[in-house]
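One structure below.
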């Protein structure tokens with residue numbers, strides 16, 4: 001499968017919490033890294049999602065927000081993945097920032113050049129990737 005999304009994570013479902021309309025699905029990415037997705041119950045059925053199943057978790061890079069200091073702020077984003085800036089690739093308007101999480105997973109974000117400057121991002125600095133669970137798309141091997 002070829003796909004334009006920059007973040008395609010292979011993982012295993014570690015927990016599945018069904019609800020009336022949606023389900024919360026925790027995906028173990030290896031190491032200590034985990035991503036949570038919210039998908040419809042119809043998707044759970046059609047993809048045959050279950051604990052232990054292998055899945056692909058897909059997140060477009062512009063959907064990944066970055067934060068450097070939470071200052072005690074509580075956020076609704078379910079996925080708050082702390083890591084270290086691996087690389088920064090500036091463009092004319094936007095910049096690609098790659099974080100390495102504690103377990104080794106890499107997350108790519110596309111943010112404005114202004115945001116990189118305001119956040120003081122540079123290789124080796126600490127940052128947190130914020131991803132809403134509803135922005136995580138799950139897929140299964142055909």
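The values are calculated or read from the model by the stated rules, or taken from the named source; none is laboratory data. Small disclaimer: the values here were computed from a predicted structure and weren't measured. Using ideal geometry, Cβ is built from the backbone for each residue, glycine included, and neighbour counts are taken over all protein chains shown.
A few remarks follow.
- Boolean, residue 72 is closer than 24 Å to residue 122 by Cα and either modelled with pLDDT under 95 or part of a strand (DSSP E or B) (or both): yes
- Check on residue 141, more than 13 Å from residue 81 (Cβ to Cβ), at pLDDT below 95 and out of contact with any helix residue (DSSP H, G or I) (no Cβ under 8 Å at 6 or more places or on another chain): yes
- Selection count where residues are outside any strand (DSSP E or B) and more than 18 Å from residue 135 (Cα to Cα), scope segment 20-52: 9
- Among the candidates 138, 121, residue that is in a strand (DSSP E or B) and surrounded by 14 or more Cβ atoms within 10 Å (Cβ to Cβ): 138
- Single residue of segment 47-76 satisfying the filter (touching a helix residue (DSSP H, G or I) at 6+ places or on another chain (Cβ under 8 Å) and farther than 15 Å from residue 7 by Cα) that is surrounded by the fewest Cβ atoms within 10 Å (Cβ to Cβ): 68
- Within segment 99-112, the presence of at least one residue that is part of a loop (DSSP other than H, G, I, E, B), on the phi > 0 side of the Ramachandran plot and either more than 11 Å from the chain's Cα centre (by Cα) or surrounded by fewer than 14 Cβ atoms within 10 Å (Cβ to Cβ) (or both) is confirmed.
- Of the residues making up segment 17-32, those that are surrounded by 12 or more Cβ atoms within 10 Å (Cβ to Cβ) and under 26 Å from residue 104 (Cβ atoms) are 24, 25, 26, 27, 28, 29, 30.
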